[in-house]
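Below is one structure, written out as structure tokens, with a few remarks after it.
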């Protein structure tokens, strides 16, 4: 059995990361390699907690930031290390690179993030999905609260209310503008981070997500094959 590998799929929303995660799972499973996906922001108790807090009151950026870091470390120590030691592959649907960029848009320093995540494992390989935010917007069925930076935005001088957002209380055109603006800033920081502290992200491959998803899958497969049998 091959040694376990930590694989991160990073980048903007709407780039096709989740689709590629599942295609990669299918490929690895067909080749008898056990694999697990861990999304950074979906379907777990921390995200449920943050959403409930959003509904009732304002969450400070520091509070939400360290809640996510705690989740990453708990997963690593309680589950991921064990899986890797058994030769399993772990796919991370968004990880440190996207998290760093997101928090830096919100005003956090690179130095603070490096220090807070010093005990987090670096991926063996990272795929960074690059897409124009305007194109990504057209692919989305709905605009998310935090992925649009609405937790730090103001509408007519007032902080955005999460409950009102959930009730479609803000103009859709304004929400789209917020999404594109936040994701554009995120994209700019992502591109800068890739060339900084490279040991933190592992071996990075940039992927142009304006192309066919099957071509992207083939490019990922080639890298995974090289990683597995090097």
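Okay, here's what the table says:
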| read-out | value |
| --- | --- |
| Single residue of region 198-209 satisfying the filter (more than 14 Å from residue 127 (Cβ to Cβ) and out of contact with any helix residue (DSSP H, G or I) (no Cβ under 9 Å at 6 or more places or on another chain)) that is surrounded by the most Cβ atoms within 10 Å (Cβ to Cβ) | 198 |
| Residue 223 vs. criteria surrounded by 11 or more Cβ atoms within 10 Å (Cβ to Cβ), farther than 16 Å from residue 131 by Cα, out of contact with any strand residue (DSSP E or B) (no Cβ under 7 Å at 6 or more places or on another chain) and touching a residue at least 60 places away in the same chain (Cβ under 8 Å) | no |
| Hey, residue 7 farther than 30 Å from residue 154 by Cα, in contact with a strand residue (DSSP E or B) (Cβ under 9 Å, 6 or more places away or on another chain), part of a loop (DSSP other than H, G, I, E, B) and at pLDDT 80 or above or not | no |
| Extreme residue, farthest from residue 11 (Cα to Cα), among residues of region 147-183 that are touching a residue at least 60 places away in the same chain (Cβ under 8 Å) and buried (at least 18 other Cβ atoms within 10 Å of the Cβ) | 162 |
| Selection count where residues are surrounded by 12 or more Cβ atoms within 10 Å (Cβ to Cβ) and assigned to a loop (DSSP other than H, G, I, E, B), scope region 184-197 | 1 |
| Residue within region 12-20 that is part of a strand (DSSP E or B) and either out of contact with any strand residue (DSSP E or B) (no Cβ under 6 Å at 6 or more places or on another chain) or at pLDDT below 95 (or both) present | no |
| Subset of region 51-65 (residues that are surrounded by fewer than 17 Cβ atoms within 10 Å (Cβ to Cβ) and either in contact with a helix residue (DSSP H, G or I) (Cβ under 7 Å, 6 or more places away or on another chain) or modelled with pLDDT of 95 or more (or both)) | 55 |
| Selected residue (criterion: nearest to the chain's Cα centre (by Cα)) from residues of region 73-114 that are on the phi < 0 side of the Ramachandran plot, outside any helix (DSSP H, G or I) and surrounded by fewer than 15 Cβ atoms within 10 Å (Cβ to Cβ) | 109 |
| Matching residues in region 28-39 - criterion: being in contact with a strand residue (DSSP E or B) (Cβ under 9 Å, 6 or more places away or on another chain) and not in a loop (DSSP other than H, G, I, E, B) | 28, 29, 35, 36, 37, 38, 39 |
| Residue among 151, 181, 212 that is more than 19 Å from the chain's Cα centre (by Cα) and over 15 Å from residue 127 (Cβ atoms) | 212 |
| Inter-residue pairs, beta-carbon under 6 Å, first in contact (Cβ under 8 Å) with a residue 12 or more places away in the chain and at positive phi and in region 201-212, second crowded, with 21+ Cβ neighbours inside 10 Å and assigned to a strand (DSSP E or B), 6+ apart | 202/126 |
| Residue match in region 116-135 (condition: out of contact with any helix residue (DSSP H, G or I) (no Cβ under 9 Å at 6 or more places or on another chain), at pLDDT 90 or above, surrounded by fewer than 19 Cβ atoms within 10 Å (Cβ to Cβ) and more than 30 Å from residue 197 (Cα to Cα)) | no |
| Residues (more than 24 Å from residue 135 (Cβ to Cβ) and part of a helix (DSSP H, G or I)) located in region 198-220 | 198, 199, 200 |
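The values are calculated or read from the model by the stated rules, or taken from the named source; none is laboratory data. None of the values given here were measured: they were computed from a predicted structure. Note that each Cβ is placed from the backbone with ideal geometry, even for glycine, and that neighbours are counted across all protein chains shown.
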